[in-house]
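Okay, structure first, notes after.
The values are calculated or read from the model by the stated rules, or taken from the named source; none is laboratory data. Being a predicted model, the structure only gives us computed values, none of them experimental. Cβ sites come from the backbone with ideal geometry, for glycine too, and all protein chains shown count toward neighbours. Each accessible area value is taken on the protein alone, full model and side chains, heavy atoms only, with ligands, DNA and RNA left out. Shrake-Rupley method; radii C 1.70, N 1.55, O 1.52, S 1.80 Å.
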Amino acid sequence: MKINLIVLSLATLILFNISCKDATKLTKDVKTEKTLFPSEEISLDNETKIDALIAEMTLEEKAGMLHGSSKFATEGVERLGIPKMNMTDGPLGIREEISKDSWAPAGWDNDFATYYPAAGSVAATWNPELSYKFGNSVGQEARARDKDVLLSPAINIIRTPLGGRTYEYFTEDPFLNKKLAVPFIVGIQDNDVMACVKHFAVNNQETNRDFVDVNTDERTLREIYLPAFKASVQEANAYSVMGAYNKFRGDFLCENDYMQNKILRDEWGFKGIVISDWSAVHSTVKTLVNGLDIEMGTRKPANEFFLADKLIAALKDGEISEEEIDKHIRRILRVLFQVKAIDGTDRTEGSLATEEHYKDAYDIAEESIVLLKNEKNLLPLQLEGINSIAVIGNNATKKNALGGYGAGVKTKREITPLDGLKNRLPENIKINYAEGYLERYSKNDNDQKIEVTLNTPTTITELDPEKLKEALEAAKKSDLAIIFAGSNRDYETEASDRKDLSLPFGQEELIQKVLAVNPNTIVVMIGGAPFDLNTIKEKSSSLIWSWFNGSEGGNALADVILGKVNPSGKLPWTMPKRIEDSPAHATNSFPGDESVTYEEGIMVGYRWFDTKNIEPLYPFGFGLSYTDFEFSNISTNKDSYSEDEDIQINLTIKNTGIRDGKEVAQVYVSHPGSSIEKAAKELKGFKKVFIKSGATQDAIISIPVKELAYYQVSTKKWVVEKGTYILKIGNSSRNILGEVSIKIN
Ligand code: BGC
């Protein structure tokens, strides 16, 4: 490979010297590239090599690089030293190797990986450093499996609590979304792997996702659905983006000139590649001209992909130029150079499923667990006088690394909640385990689950009488009971949205009956999305929320239950009392049919609840601790600011309880005097701080005034209105502990 490149470089340098005009042009291009990839500059040398490579390539070779030749790779050009581009899912860790031409496992015995907590969990940490840690850790695993592209992070906005992929996405809030997406991507790409930020864009439901035509007004698009993608490109320098399945304003996302060319490239300056979602391409010339670079997953033999033989025919028929094709090849070669897949001497080798990586997974999990209720102070468990604990529920032993439709991880380590308790409890405490409820689906749905169902699998809600009896006996004879309930990755799954918020498999009845026989019962929900917890919240004194929480999830959960870890997770979305309260449902604009218009506009998530004064069951940003925090001395460094300044918010946080802990200070901004429609408040800053029991700490949160801008459609500009703004500082969106007014001049 090296020799080829040296020969080519020499040839090109000779050409390069002959044409002065070309040389000026090339230098100019390279300059542009340097500003766009500031972290790792594309060198002149690479550009020269790219020219030389393209000049050597046949049309067939070029086409081979523009589409998948197996499920997760494109062709390279071996004779020129261009490797295949190897891709892998995804958001939970490196996907098990699957067969070249089918979704069946390839049957490798060296592809066991770390199962990382799902994105909902990362978001609940409200900790960008952990997001970096995740990206960096999983990036190393990608390299150890010789991958060039990691199909992650998934950053679509959670528009409805019923979304099947809610667990795979971060949040309902665009600010939190971008603050987590950026370090995640940087972490991945620090390991010479491309992040592939997905799914671009407005892919917020699974129902009809293959064809639904999404419509949003322009302001909503810019303020809610695009900020994290924009930051991924401009702040994190993401090398690749995945085009979504659905349509936007009439055109499929993978052939959408407005989104892929105008916004992504012309406005944001994206220089990386756009890879289609699997089987999301519908045309040849249109898709390429409108900005897509690589077609993946089309359900046909490789030569029948839209960018294979059909592309060659289109060129021969004069429907597309070779120059256009070269533009895409050039982009692909650039990113291959960028991650040292071509000509790289010191490319990260990576490592897989190491103790360090399991520890990374643990660190994320322990900060993600959300304490929702602790009225009787049953938590953390005091073990004096406790001889036996009933552990009830299928989720005590359910594994979630694999399951459902979509990407999972084959792992050697998944600590379940029951394993975690066994690992952490002293041996003299007897665990009385009872499964309690069965994960059961009606037969038809089970059969369909193999294909895209676009319907939640219908569950059997009756409890098995024997299982119920066993659970009640265990609860009665034990000093205390812990129920592990919620959902799992078969129930919450890609390719289908849930029908409603109800808890599946008869769990509601089980929980109530267990609570009736043993009031010392702790309820732990495991899931990725909101559920109807109204009755459980009312009847149970102690309620914890945990996630599909990775290889170490069970240990982290046991540590929270036993108080080794003080919970510090905060909900990254609103848990509604009723689905009708949620904006997409209140406006009757979910899921649509052929098309869907997001009628709630910018009022997504808590923006809707706060503006309309609707009480949620648990608000965005909510999460308790085993200690208490007091916020004081809330002030800003100035009273008024101009547009180019940063607002500095100072506050003092005191840990007034007896345990060390972490708290998240959250800053929401209101603009009551605005001349345009604005949400009652919007998250614009946050900081997670660790404070020892009894200690006091000062915190500073900086907000660039530019963050207060709204998107003015008529001028296509971000505009900061002048006037008085109120900064509301709290530890959840509904627990505001202090306010400061500032002026923008
Ligand atoms: C998903 C993507 C995923 C791809 C490859 C698609 O169905 O939407 O997120 O990366 O499959 O597995």
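Please indicate, with yes or no, whether at least one residue in region 638-659 is among the hydrophobic types (A, V, I, L, M, F, W, C), in contact (Cβ under 8 Å) with a residue 40 or more places away in the chain and loosely packed, with under 14 Cβ neighbours inside 10 Å. Show your work before the answer.
Taking region 638-659 first, the residues among the hydrophobic types (A, V, I, L, M, F, W, C) are 647, 649, 651, 653, 658.
Next cut, in contact (Cβ under 8 Å) with a residue 40 or more places away in the chain only: 647, 649, 651, 653.
Retained after the next criterion (residues that are loosely packed, with under 14 Cβ neighbours inside 10 Å): none.
No.
Tell me, which helices (runs of 4 or more DSSP H) lie completely within region 279-395 with 3 or more residues that are closer than 30 Å to Leu59 by Cβ?
By residue number, 285-289, 309-316, 322-338.
Checking the condition farther than 14 Å from Phe270 by Cα, more than 15 Å from the ligand (Cβ to nearest atom) and in contact with a Lys or Arg (Cβ under 7 Å, 6 or more places away or on another chain), which residue from Asp192, Asp251, Asp217 passes? Please lay out each step first, then the result.
Working: Asp251 fails: in contact with a Lys or Arg (Cβ under 7 Å, 6 or more places away or on another chain); Asp217 fails: in contact with a Lys or Arg (Cβ under 7 Å, 6 or more places away or on another chain).
The conditions single out Asp192.
Any residue at all in region 145-153 that is outside any loop (DSSP other than H, G, I, E, B), of a type in the set (Asp, Glu) and open to solvent by 10 Å² or more (accessible area, probe 1.4 Å)? Step through it out loud before you land on a result.
In the first step, residues of region 145-153 are kept if they are outside any loop (DSSP other than H, G, I, E, B); the result is 149-150.
Then drop every residue that is not of a type in the set (Asp, Glu), which leaves none.
No, the conditions are met nowhere in region 145-153.
Being open to solvent by less than 40 Å² (accessible area, probe 1.4 Å), within 16 Å of the ligand (Cβ to nearest atom), among the basic types (Lys, Arg) and modelled with pLDDT of 95 or more, is that true of even one residue in region 404-415?
Let us first name the residues in region 404-415 that are open to solvent by less than 40 Å² (accessible area, probe 1.4 Å), namely 404, 406-411, 414-415.
Those still in the list that are within 16 Å of the ligand (Cβ to nearest atom) too: 404, 406-410.
After this cut, where a residue has to be among the basic types (Lys, Arg) as well, the list is 410.
Next cut, modelled with pLDDT of 95 or more only: 410.
Within region 404-415, one or more residues are open to solvent by less than 40 Å² (accessible area, probe 1.4 Å), within 16 Å of the ligand (Cβ to nearest atom), among the basic types (Lys, Arg) and modelled with pLDDT of 95 or more.
Starting from residues that are open to solvent by less than 10 Å² (accessible area, probe 1.4 Å) and of a type in the set (Val, Ile, Thr), keep the ones in region 286-313 and report whichever is farthest from the ligand (Cβ to nearest atom).
Restricting to residues being open to solvent by less than 10 Å² (accessible area, probe 1.4 Å) and of a type in the set (Val, Ile, Thr), the top hit is Thr287.
Would you mind finding the one in Asn110, Asn156 that is out of contact with any helix residue (DSSP H, G or I) (no Cβ under 7 Å at 6 or more places or on another chain), within 25 Å of Gly685 (Cα to Cα) and part of a loop (DSSP other than H, G, I, E, B)?
Details: Asn110 fails: within 25 Å of Gly685 (Cα to Cα).
Exactly one residue qualifies, and that residue is Asn156.
Identify, please: which residue in region 83-93 is away from the ligand (no atom under 12 Å from the Cβ) and part of a loop (DSSP other than H, G, I, E, B) and is, among those, most open to solvent (accessible area, probe 1.4 Å)?
Just the residues of region 83-93 that are away from the ligand (no atom under 12 Å from the Cβ), to begin with: 83-86, 93.
Adding the requirement that they be part of a loop (DSSP other than H, G, I, E, B) leaves 83-85, 93.
On the way: Pro83: 40, Lys84: 89, Met85: 2, Gly93: 2 Å².
The selected residue is Lys84.
Filtering region 161-175 down to residues that are buried (at least 24 other Cβ atoms within 10 Å of the Cβ) and away from the ligand (no atom under 16 Å from the Cβ), which residue is nearest to Glu235 (Cα to Cα)? Quick ask: steps written out before the conclusion?
Of region 161-175, the ones buried (at least 24 other Cβ atoms within 10 Å of the Cβ) are 161-174.
This time we only want the ones that are away from the ligand (no atom under 16 Å from the Cβ), so: 161-162, 171-174.
Details: Pro161: 29, Leu162: 31, Thr171: 19, Glu172: 20, Asp173: 18, Pro174: 15 Å.
Out of the qualifying residues, it is Pro174.
If the Cβ limit is 8 Å and pairs must be 6+ apart or interchain, which residue in region 116-141 that is more than 19 Å from Asn555 (Cβ to Cβ) pairs with which residue that is buried (at least 24 other Cβ atoms within 10 Å of the Cβ) and modelled with pLDDT under 95?
Ala119/Pro91
Which is among the acidic types (Asp, Glu) and open to solvent by less than 20 Å² (accessible area, probe 1.4 Å), of Glu206, Glu223, Glu235, Glu218?
On the way: Glu223 fails: open to solvent by less than 20 Å² (accessible area, probe 1.4 Å); Glu235 fails: open to solvent by less than 20 Å² (accessible area, probe 1.4 Å); Glu218 fails: open to solvent by less than 20 Å² (accessible area, probe 1.4 Å).
None of the others qualify; the one that does is Glu206.
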